[in-house]
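To start, the structure itself, in structure tokens.
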Amino acid sequence: MRFQVEPRALTSISRTKADRISVLPAPTMPTDTTDLLTVPEPDVIRDWATERGILILAHSYQDGFLQEAAHFVGDSLELARKAAEAQAKAICFCGVHFMAETAKLLCPEAEVFVPDLDAGCSLADSCKAEDLVQYQKHLTQKLGQRPVTIAYVNCSAAVKAACDIICTSGNAREVVESVPAEQPILFVPDRHLGGWLQETLGREMLLWNGACEVHELFSVETLLAMKAEHPQALVLSHPECPKAVRDVSDYVLGTAGMLRLVKEHAGQTFLIGTEANLIYRFEKEAPQNTYLPAPGASCACNLCPYMALNTPEKLWASLHARGPVVEVEEVYVEPARRALQRMLDLN
Ligand code: 13P
Ligand code: SF4
């Protein structure tokens, strides 16, 4: 398989891992340290987790190794649904922090842990809960009514708790359309996804000024040059991309929508305007096409640096440690879950 890696020693991460493990409570300490010296093949990891009742979930932006090790790979919406349905006692979430928080909110009985607690999200970081609450107060005064706040799932549990309903890239249009026309909407945190929704639905919204550092940096010039080189190619871009990139795209879709689309084609070349690890999934599930990653503006890099913090070594270590765990502060649990549940009830 293409992702294949030699079994790796843990030397490069041993300091970080040791630091983490030292702050974990005693019962979650790994007991079989010899197991940690080398990382087995992904199917061995998955079986090992299955035997211990651990469900491994991975976002499609994770590298091929982690995708292969997971029991289920999906977009944010599919992973949220999977967590809500899961009867698992434990979930190891290969993705970024807000995704693991979402899993914890929707599967509260499960221990939820991640390979790397530092795997955050620049988009989620662009909206702090206290700033949002202040802005909601300001808007309520200005408009004479509280706007309905829709939060893209890429935000913290504290932000979700301050919102009325959550959406993902897979259901954002339906969520916006579920709000009666006369009610003002505040959309957070992604101004690009919000802008795309405004354009395609013709619905005015107040937009929070956040963005994803990966999608923000796709280069429209390079994309146009690639298009000129591959005139038959179809351009797919994620709605987190800026308008200039979306405007030269044939389709603007979330990751699950892109996967559905490429499966419907054969012998087609696609230029992919989103995180490049998604191409691993495309090549596995729709190998009949050719996929070319669109490069970022300042460098060739179109990989999410936060997703990249999760490595096979950290996955293997976290499965043994059953940590680091992800918890949601009690005060946010009920309101954040309510906003998520409203979204799940819609579809
Ligand atoms: P999807 O909801 O399309 O999986 O995207 C998640 C994400 O983080 C995009 O940057
Ligand atoms: Fe966040 Fe962007 Fe990474 Fe998605 S690609 S997880 S929005 S930083």
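Structure data summary
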{"item": "Filter result (closer than 26 Å to PHE282 by Cβ and charged (D, E, K, R)) within segment 75-91", "result": "ASP75, GLU78, ARG81, LYS82, GLU85"}
{"item": "Cβ pairs under 7 Å, 6+ apart, first in segment 305-328 and within 16 Å of ligand 1 (Cβ to nearest atom), second aliphatic (A, V, I, L, M)", "result": "TYR306/VAL96; TYR306/ALA119; MET307/VAL96; MET307/ALA119; LEU309/ALA119; ASN310/LEU66; ASN310/ALA119"}
{"item": "From ALA276, ALA244, residue being within 23 Å of PRO189 (Cα to Cα) and more than 14 Å from ligand 2 (Cβ to nearest atom)", "result": "ALA244"}
{"item": "Residue, most open to solvent (accessible area, probe 1.4 Å), within segment 311-339, restricted to residues that are in a helix (DSSP H, G or I) and of a type in the set (A, V, I, L, M)", "result": "VAL331"}
{"item": "Any pair with Cβ under 6 angstrom, 6 or more apart, that starts in segment 241-256 at a residue that is within 17 Å of ASN302 (Cα to Cα) and in contact (Cβ under 8 Å) with a residue 60 or more places away in the chain and ends at one that is in a loop (DSSP other than H, G, I, E, B) and polar (S, T, N, Q)", "result": "GLY254/SER169; THR255/SER60"}
{"item": "Pairs, first more than 11 Å from VAL159 (Cβ to Cβ) in segment 129-140, second surrounded by fewer than 11 Cβ atoms within 10 Å (Cβ to Cβ), C-beta under 9 Å, six or more apart", "result": "none"}
{"item": "Criterion: within 16 Å of ligand 1 (Cβ to nearest atom) and closer than 25 Å to GLY194 by Cα - qualifying residue of LEU271, LEU259", "result": "LEU259"}
{"item": "Segment 196-235: number of residues that are out of contact with any helix residue (DSSP H, G or I) (no Cβ under 8 Å at 6 or more places or on another chain) and basic (Lys, Arg)", "result": "1"}
{"item": "Residues (in contact (Cβ under 8 Å) with a residue 60 or more places away in the chain, among the hydrophobic types (A, V, I, L, M, F, W, C) and either closer than 29 Å to ARG173 by Cα or open to solvent by less than 10 Å² (accessible area, probe 1.4 Å) (or both)) located in segment 213-240", "result": "VAL214, LEU217, PHE218, LEU223"}
{"item": "Extreme residue, nearest to LYS284 (Cα to Cα), among residues of segment 42-66 that are of a type in the set (S, T, N, Q) and touching a helix residue (DSSP H, G or I) at 6+ places or on another chain (Cβ under 9 Å)", "result": "SER60"}
{"item": "Residue in segment 180-196 that is in contact with a Ser or Thr (Cβ under 7 Å, 6 or more places away or on another chain) and either modelled with pLDDT under 95 or part of a strand (DSSP E or B) (or both) present", "result": "yes"}
{"item": "Hits in segment 219-250 (condition: under 17 Å from GLU275 (Cβ atoms), assigned to a loop (DSSP other than H, G, I, E, B) and in contact with a Leu (Cβ under 6 Å, 6 or more places away or on another chain))", "result": "PRO239, GLU240"}
{"item": "Qualifying position, being within 16 Å of ligand 2 (Cβ to nearest atom) and either crowded, with 24+ Cβ neighbours inside 10 Å or basic (Lys, Arg) (or both), among ALA69, ALA83, ALA58", "result": "ALA58"}
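Quick grid of which residues meet (1) away from ligand 1 (no atom under 16 Å from the Cβ); (2) surrounded by fewer than 17 Cβ atoms within 10 Å (Cβ to Cβ); (3) touching a residue at least 12 places away in the same chain (Cβ under 8 Å):
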residue: LEU37; (1), (2), (3): yes, yes, yes
residue: PRO40; (1), (2), (3): yes, yes, yes
residue: ILE54; (1), (2), (3): yes, no, yes
residue: LEU77; (1), (2), (3): no, no, yes
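The values are calculated or read from the model by the stated rules, or taken from the named source; none is laboratory data. These numbers were taken from a predicted model, which means no experiment stands behind them. Virtual Cβ from ideal backbone geometry, glycine too; neighbours counted across all protein chains shown. The accessibility values were calculated without ligands, DNA or RNA, using every heavy atom of the protein model including side chains. Shrake-Rupley method; radii C 1.70, N 1.55, O 1.52, S 1.80 Å.
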